[in-house]
Each structure stands twice: as C-alpha cells, then as structure tokens.
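Working notes for the structure below.
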Ligand code: FAD
C-alpha cells in the first residue's frame, strides 16, 4: 500500500518536555514519515524566568534530548521567524504542538501559524498542558465561570482521556544535521548555578517522585496538605510546569475509591485549581497584570524608603515573624514554597505591609522553579482579595497563628530560620515573648493588630 504521508513534519516542544503520553507524536507520525524534534530558546520567556527555572528547563531539555537519542534540535531566536524557516529547511508539511493558552503563547502561535500558512505549512495543535483545555468549560449561557466551585463540579464530569501510549519510538526522528539551512543549531545552555536546591529534572525522576508520593502520602494528603512541616504534598508543580508529566497521567494514577478516598479527591481538586486559573487567564488575559476586581484599582499602597525597606525585609525573610521568614527563606533555599505559606506571605505583603500584590507576584516568578503565570498571578490575587472568588479582603491571615496552627511544633521554622533553632516547641513562633529573645533575629517589623486595622480601614474607604 502506498504511504500518502508527507515526507517530514516538525515536532515543536514547548511546555511538554516528555516522550510518554505525547499526543503530538501520534499526530506527527500520522501525518509524516519522519519528524524533526525542535526546541526554541526564546529570550522573551527565558529572560523573566529566573535562574532556578532556566536551570530546570535546561536540565529537562538534556533529559529529553537523551530520550530522543540526541536528536533534539535546539535553536535560539524568535519562534515566529525560526519555526517557518526551519519548516522551509526540512520541507515540512506540518508543525505539531500542544496548544498554549497563555497570553504570550497564544499570540506567538497565531503569528507562527500565519507565517507557516504563507508557506503552505499547517500548525497542528493537539492537546494542551491541561486536563481540560481552557475555554472548554463555561456556564450554560457560554459565560466563563468566575467562581471555582461550580467550575470544579463541571470539571469533575469531564472526560480527561487516558494517557496516550507513546514513547520516543512512536516517531521516526530526523537527524538535526540533515536540515538544509534554516536557523543554526545551538547547544543546550549550561546550568546557571542556582542558589536553590532543585528537584531532579527529567521524565524518569518525575515518575519516580510521583509514585513515591502516591505510595507514601496520597492517602493522608487531605489531612496533612496544609502542614509545611511535613512532606505531605506532591511537589509535582515543577514537573507539571514543564510538562515533564501531564496532569492526565496523575489523574490516572490517583485512583479514588476505598481506603484513603479523601486523599485522591482532595488531590484532584488541587489539579482542578490549576485548570481553573488557566481558564480564567484564557478568558481574562489582563488578569495576569491587573486586578481582576477593578474596585481595587483605587486601593492606596505604601511607598517611599520605609516601604522599600519593609519589602526587602519580606523578600529576605527578616520580618521578625518566624513563619513568614521561614517561608521566604524556603523560597530562596528550594525555589519552592508550601501552598499554605504562599497564602500567608502573600497576605502579609498586601495586608500587613500594604504593598501591591503584583510586586510579590513578580518576586515569586523570579525565584520559583514552578513559577507559572496563571497559578501565580491568580494565587496572589486570591490572597490579596482582588481576584476570582478571592478570600474576602477583610480576611487577614494572622502571621503568628498561621504558624502555630500549621507548624504546631515549630519544626518548619527551626529548619529555615537557624537563629531560632534553639527555641523548643511552638514558642518559636513568638520569640519576642521569651525572657531572652535571640539577639541575631529581628523584632517584628510591624504590629500585626494595627496593620490589620489599617488594611480594613483602607478597604472600607474604597
Ligand atoms: P500539591 O498540593 O501536591 O498539589 C498538586 C498540584 O495541584 C500542584 O502541583 C499544582 O499543579 C496544583 N495546585 C495545587 N494547589 C494549587 C493552587 N492553589 N492553584 C493552582 N494549582 C494548584 N502553583 C504553581 O504551580 N506555580 C506558581 O507559580 C504558583 N504560585 C502561587 C502563588 C500564590 C500566592 C499561591 C497562594 C499559590 C501559588 N501556586 C502556584 C499554587 C500552589 O501553591 C502550588 O501549586 C503548590 O504549592 C505546588 O506544590 P505541590 O506540587 O506540592 O502541590
């Protein structure tokens, strides 16, 4: 039987750095006899990513290249120019991608599609980094959901599909050296020594990590997921960020009945949050930069040298509130922070220090290895009270009781704040009450009770 497929296609990796469960491989193999695997180093994304994320990306690319037998072509430049040139150089009939729904990715892909169209090459989108693609879940009148709970009910009903049965051999890969002209191949950049200790990159590491979580912690996830002192959450966010693993693979692995049913259910809810925030960003791209609730555009924030000094104290973990400082130091130490503490430090920045959420969000995106626009910006807006079904503004987290409740023995604080390592038990959350407070740890930089009232007064004046 004659093979009516094109001779070549391009598989363009972006946020899907894996070979298993790769629907774009199946689509490319159906369309062309062989494919060229490519990744474009795009300064517009690399620049703001921060060292930890860049390093993790480069390590993930090395792992992917190894899985592809050294046949990943890496080029540098603007994809809108590079991809069409490459399609010309290898005479591809199609370019295969997983759809990108972020504001930049969406615009970039439309421009690439147009440029490819001029050469008669198709941009074929198959799947996305989400369990349910943004835009697919709406109210019955077509309006987007702005509240999580009804979205999640609808999400739970949707078929997320089974993981696709693919590996590196699903596609016949072309050697990058066979291309004739087009953008120049570059090496995957060297790691930029990160200050933080990063998780191991790569698909095998992601799966091993996931399986260990399912065996050891999933059953207790619902009970313990708010405890920063316990290794109770999956830490899969970084692998999800780069698509080293797909949420569909996690959903297939959580099960959901019998013993420990609350764990899997609660875990699915968290994955749903990821889809919810991506959907919010899809419908409201401005929410990445602006208050979702415009009422807050009139909120006055502090400025001047005092405010800047307080911002630096927050960034460096020397606010004098042990739980806040532990969390901000965990962010530096691991390029990751526990979810409960992300909420607490965000509330502290906005409502105790009266600084705008986007300054904190930017700092997070520079340091987090899982830094992800929809989850980060909307997580911040939730804590700041400016977002979709946000914590009401008047709910102000108490930085001391958050520590006492969720780090009851003070282990998390002692781990990250060595100046307090000698203080036993929960007393570590209020060192200023000790007869002899440690001399090398700062006193609280603000009076929480007074600042809470100040935040409420500003809100009431809006
Ligand atoms: P688990 O508890 O094991 O959850 C499993 C997965 O569900 C996570 O990996 C993540 O993909 C998803 N998830 C869990 N909670 C949320 C949530 N609240 N919103 C969206 N998805 C969620 N998450 C990011 O991936 N990148 C970010 O940049 C980011 N910034 C945040 C900023 C703030 C201020 C807040 C409050 C939350 C932020 N989150 C972000 C969400 C959440 O804190 C992290 O996803 C979670 O801590 C990652 O750890 P984990 O993988 O162990 O989570």
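None of the figures in this text is laboratory data; all of them are computed from the coordinates on show. These numbers come from a predicted model, not from an experiment. Cβ coordinates were reconstructed from backbone atoms using ideal geometry, including for glycine residues, and neighbour counts include every protein chain displayed.
As I understand it, the value is the acute angle between the Cα axis of helix 357-367 and the longest principal axis of the Cα atoms of the chain; what does it come to in degrees, rounded to 10? The angle comes out near 60 degrees. For region 257-307, the equivalent ellipsoid derived from the Cα gyration tensor has semi-axes of 36, 17, 8 Å, listed largest first.
For the chain, the Kirkwood radius over C-alpha pairs fed into Stokes-Einstein at 20 °C and 1.002 mPa s yields D = 90 µm² per second. For region 54-188, taking the reciprocal of the average inverse distance between every pair of different Cα atoms yields a Kirkwood hydrodynamic radius of 17.6 Å.
Rg and Dmax, both from the Cα atoms of region 189-244 and both in Å, are 13.1, 42. Distance from the C-alpha centroid of region 104-118 to that of region 265-280: 28 Å, rounded to the whole angstrom. Summarised in one figure, the compactness ratio Rg/Rh of region 180-337, Cα atoms and Kirkwood Rh, is 1.04.
For the peptides 413-426, 221-234, the ranking by mean Cβ contacts within 10 Å, running from highest to lowest, is 221-234, 413-426.
Seen against the Cα atoms of the chain and their longest principal axis, helix 373-384 is set at about 20 degrees. Using just its DSSP H runs of length 4 or more, each adding -39500 (n - 2.57), the chain gives a mean residue ellipticity at 222 nm of -14000 deg cm²/dmol after division by all residues. Using every pair of distinct Cα positions in region 404-461, the Kirkwood expression returns a hydrodynamic radius of 13.0 angstrom. Each peptide in 49-59, 320-330 receives the mean, over its residues, of other Cβ atoms within 10 Å, and ordering these scores from highest gives 320-330, 49-59.
Any idea what the relative contact order of region 1-127 is, in percent, if you count C-alpha pairs under 8 Å spaced at least 6 apart?
It rounds to 32 percent for region 1-127.
What is the Rg over Rh value, at two decimals, for region 1-127, using alpha-carbon atoms and the Kirkwood definition of Rh?
0.96
In whole Å, what is the distance between the alpha-carbon centres of region 304-361 and region 49-90? Computed from Cα coordinates, the inter-centre distance equals 34 Å. Here the Kirkwood formula puts the hydrodynamic radius of region 355-429 at 14.2 Å, using every distinct Cα pair. The angle between the Cα long axis of helix 148-157 and the longest principal axis of the Cα atoms of the chain comes to about 40 degrees, rounded to the nearest 10. Calculation over all alpha carbon pairs of region 294-461 in 5 angstrom steps from 0 returns a P(r) of 1, 9, 19, 22, 21, 15, 8, 3, 1, 0 percent.
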